[in-house]
Amino acid sequence: MASLVDTNILVYRVDISDPGKRKIAREVLREGAHTEELLLAHQTVVEFMHAVTRTRGGRKPLLTPEQAWREAEDFIDEFPVLYPNELVIRTAFLGMAAFKFSWYDAHLWAYAEHYGLPEILSEDFEHGRRYGNVRVRNPFLEAGLA
């Protein structure tokens, strides 16, 4: 089953501060690359770059800009990337209204809804819940780490 991957999975792949989530993220991405069933939204790659290169609470970024773009290039080499269009954006507006999502969550959900993907892998939505035609699965919760 094809799944859309949220930014948090990509970030945990490189975040050494949480070894358990890092291990799960790496396994999910490795398996998804092997089965060719994971896809990324353009937004996810952009958010990844921001998340791993910003400072957090006085701590240094997870990656240097050079390391981050290398990782991002690896992601776009490993996984198909979906790009927004007018219908994705309009669907995101509906997601904000119907489900009270933030803009970024609504936009991610809209990619899955628009492109007919039955699942989003994320820790940012309610695990197991169906939003429209899209179900959310939290691989960290399933592994007892959430």
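The values are calculated or read from the model by the stated rules, or taken from the named source; none is laboratory data. Note that the coordinates shown come from a computational prediction; the quantities given were computed from them, not determined experimentally. For neighbour counting, all protein chains shown are included, and Cβ atoms are generated from backbone atoms with ideal geometry for every residue, glycine included.
I'm trying to understand the selection: among the residues of region 124-146, which are surrounded by fewer than 18 Cβ atoms within 10 Å (Cβ to Cβ) and in a loop (DSSP other than H, G, I, E, B)?
Correct list: Asp124, Glu126, His127, Gly128, Arg129, Gly132, Asn133, Ala143, Gly144, Leu145, Ala146.
Please go through region 78-87 and give me each residue that is out of contact with any strand residue (DSSP E or B) (no Cβ under 7 Å at 6 or more places or on another chain) and assigned to a loop (DSSP other than H, G, I, E, B), ordered by number.
Residues satisfying the conditions are Tyr83, Pro84, Asn85.
Enumerate the pairs (first residue in region 123-134 and free of Cβ contacts under 8 Å to residues at least 40 places away in the same chain; second residue anywhere and in a loop (DSSP other than H, G, I, E, B) and β-branched (Val, Ile, Thr)) with beta-carbon separation below 7 Å, excluding pairs fewer than 6 apart on the same chain, so at least 6 apart or on different chains.
none
Name the single residue, out of those in region 43-70 being of a type in the set (Ser, Thr, Tyr) and more than 17 Å from the chain's Cα centre (by Cα), that is modelled with the lowest pLDDT.
Thr55
Quick check, is Glu142 over 24 Å from Gly32 (Cα atoms), among the acidic types (Asp, Glu), free of Cβ contacts under 8 Å to residues at least 40 places away in the same chain and out of contact with any helix residue (DSSP H, G or I) (no Cβ under 7 Å at 6 or more places or on another chain)?
No, not satisfied.
Test Val81 against the stated conditions and say whether it is among the β-branched types (Val, Ile, Thr), touching a Leu at 6+ places or on another chain (Cβ under 6 Å) and modelled with pLDDT of 95 or more.
It is true that Val81 is among the β-branched types (Val, Ile, Thr), touching a Leu at 6+ places or on another chain (Cβ under 6 Å) and modelled with pLDDT of 95 or more.
Tell me, which residue of region 88-114 that is of a type outside the set (S, T, N, Q) and not in a helix (DSSP H, G or I) is surrounded by the fewest Cβ atoms within 10 Å (Cβ to Cβ)?
Residue satisfying both the conditions and the ranking: Lys100.
Out of the residues in region 37-73 meeting the condition of being among the charged types (D, E, K, R) and in contact (Cβ under 8 Å) with a residue 24 or more places away in the chain, tell me which one is farthest from Val5 (Cα to Cα).
Per the stated criteria, the residue is Glu71.
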